[in-house]
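Asker: This is the structure, below, for whatever I ask next.
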Amino acid sequence: MTETEAELQLRVWKELAISKQVLMLAATDALKLDKKCTPEELKQALEATIKRSIEAELELSSAQEQAKLAVAAVEQQLVKSKKTQEAVEAALTEAQANVQQLQQQLITERAYHGQQLKKLKEQLAEKECAIKTISTTLSDSPENVVKKLKTLKKQKMDESEARKKAEEALSTLRKEKQKLEQSLKELQTTQEEPEEEIAA
């Protein structure tokens, strides 16, 4: 038996009304409204919820953008820190190499100047010995006395010049030693400062 068109329309309207009622009940439950609220109240509540949802999405989008900017800033800072650390490590390595080179140079200079000083002392001792030999071998005649005086005078001048040279060489050695020690101290100070910055 077939339904008439009026019965069919009535059944469709009835199902639509039931669906609408079920939908309204679900919406009132979700929005925590009274089940007996008017359609106008339901509409206002839905509009307010939609508005809050849009605002929340905007806030979320803004927060995500700020987070991206913060992450980018942190990444840039990290890159800068790595570059700074690499530069400090390179400077430290170079300073350590310079310190080792200066220490080696100081050892070499000390050895060289020590040898020079030793040679000068030996030359001075030889001249003193020669003066004694000459003094004993010469006779005491007036001519010999004049010769001895001239020889002694010359020897004393030579000895004086040799002593001056020895003193100058010793003074130069001391000055160079002080300069090298000062350079070494400055390099060690420079080396300690980057280590303190890294530790900080």
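Asker: Do any of 20/43; 118/164; 119/150 go past 22 Å between their Cα atoms, and which?
Answerer: Long pairs (Cα-Cα over 22 Å): 119/150.
Asker: Still on this model: Roll a 1.4 Å probe over the protein heavy atoms and report the accessible area of residue 11 in Å², nearest 10.
Answerer: The accessible area of residue 11 comes to roughly 110 Å².
Asker: On to the next question. For the chain, count the residues as N, evaluate 2.2 N^0.38 Å, and divide the Cα radius of gyration by that value, please.
Answerer: Relative to the 2.2 N^0.38 Å estimate, the chain comes out at 3.18.
Asker: Give the dimensionless ratio obtained when the Cα radius of gyration of segment 83-183 is divided by 2.2 N^0.38 Å.
Answerer: Ratio of Cα Rg to 2.2 N^0.38 Å: 1.91.
Asker: Strictly over 19 Å apart at the Cα level, which of 127/156; 156/177; 127/148 would you flag in this model?
Answerer: Violating the 19 Å limit, Cα to Cα: 156/177.
Asker: Just to confirm, what accessible area per residue do you get for the chain at 1.4 Å probe, in whole Å²?
Answerer: 84
Asker: Still on this structure: When averaged across all projection directions, what area in nm² does the alpha-carbon convex hull of segment 1-47 cover?
Answerer: 4.2
Asker: About the Cα centre of the chain, how large is the charge dipole given +1 on each Lys and Arg Cβ and -1 on each Asp and Glu Cβ? Please answer in debye to the nearest 20.
Answerer: The dipole magnitude comes to about 2240 debye.
Asker: To continue, here is another question. Do you know the relative contact order of the chain, to the nearest whole percent, from alpha carbon pairs under 8 angstrom that are 6+ apart?
Answerer: Relative contact order for the chain comes out at 27 percent.
Asker: For segment 1-89, build the convex hull from the C-alpha positions and give me its volume per residue in Å³.
Answerer: Residue-normalised Cα hull volume stands at 187 Å³.
Asker: Then there is this: Per the 1.4 Å probe, what fraction of the accessible area of the chain, in percent, lies on carbon and sulfur atoms?
Answerer: 57
The values are calculated or read from the model by the stated rules, or taken from the named source; none is laboratory data. Computed from a predicted structure; not experimentally measured. Neighbour counts run over all protein chains shown; Cβ positions are idealised from the backbone, glycine included. Note: accessible area is taken over every heavy atom of the protein model, side chains too, but ligands, DNA and RNA are not part of it. Shrake-Rupley method; radii C 1.70, N 1.55, O 1.52, S 1.80 Å.
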